[in-house]
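The values are calculated or read from the model by the stated rules, or taken from the named source; none is laboratory data. The structure displayed is predicted, hence computed values, not measured ones. We place every Cβ from the backbone using ideal geometry, glycine too, and count neighbours over all the protein chains shown.
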Amino acid sequence: MGQNRGLLRVYADRASGRLLGAAMVGPRCEHLAHLLAWGIETGLTVERALTMPFYHPVIEEALQDALIELQRELAHQGQAGQQRRRRVWFPPRQALTAADQGG
């Protein structure tokens with residue numbers, strides 16, 4: 001219990017949607033780091049990354065959640081050439097039980 005807590009930030013270019021970077025802290029984050037490094041190195045966009053399969057139940061679902069939120073935010077932002085970050089908690093805060101929150 002409590003092992004699915006952490007922070008994941010994904011950065012993308014507003015104009016192109018290309019992944020620029022990420023920051024993460026939490027258990028098993030190393031499973032996300034190699035995927036993000038590969039995506040950044042190959043110039044992967046948020047939209048293209050979301051066409052890849054994400055299996056259940058695995059930590060990589062946190063990346064999918066972050067990408068979905070980032071895609072929504074990019075769709076609402078029209079300023080070209082600027083970087084945008086999105087902070088996503090995994091699991092989503094509303095999904096935590098009272099026991100997980102210490103209550």
Please verify whether region 53-65 includes one or more residues that are part of a helix (DSSP H, G or I), among the aliphatic types (A, V, I, L, M) and in contact (Cβ under 8 Å) with a residue 40 or more places away in the chain.
yes
Residues in region 36-66 that are farther than 13 Å from ASP13 by Cα and modelled with pLDDT of 90 or more total 16
Find all pairs meeting these conditions: Cβ atoms under 9 angstrom apart; at least six residues apart or on different chains; first residue within region 6-20 and crowded, with 18+ Cβ neighbours inside 10 Å and β-branched (Val, Ile, Thr); second residue at pLDDT below 90 and in a strand (DSSP E or B).
VAL10/ARG85; VAL10/ARG86; VAL10/ARG87; VAL10/VAL88
List pairs: first residue in region 22-37 and touching a residue at least 12 places away in the same chain (Cβ under 8 Å) and crowded, with 16+ Cβ neighbours inside 10 Å, second residue assigned to a strand (DSSP E or B) and of a type in the set (Lys, Arg) anywhere in the structure, Cβ distance under 8 angstrom, at least six positions apart or on different chains.
ALA22/ARG9; MET24/ARG9
Please determine whether any residue of region 12-35 is within 20 Å of ALA75 (Cβ to Cβ), acidic (Asp, Glu) and modelled with pLDDT of 95 or more.
no
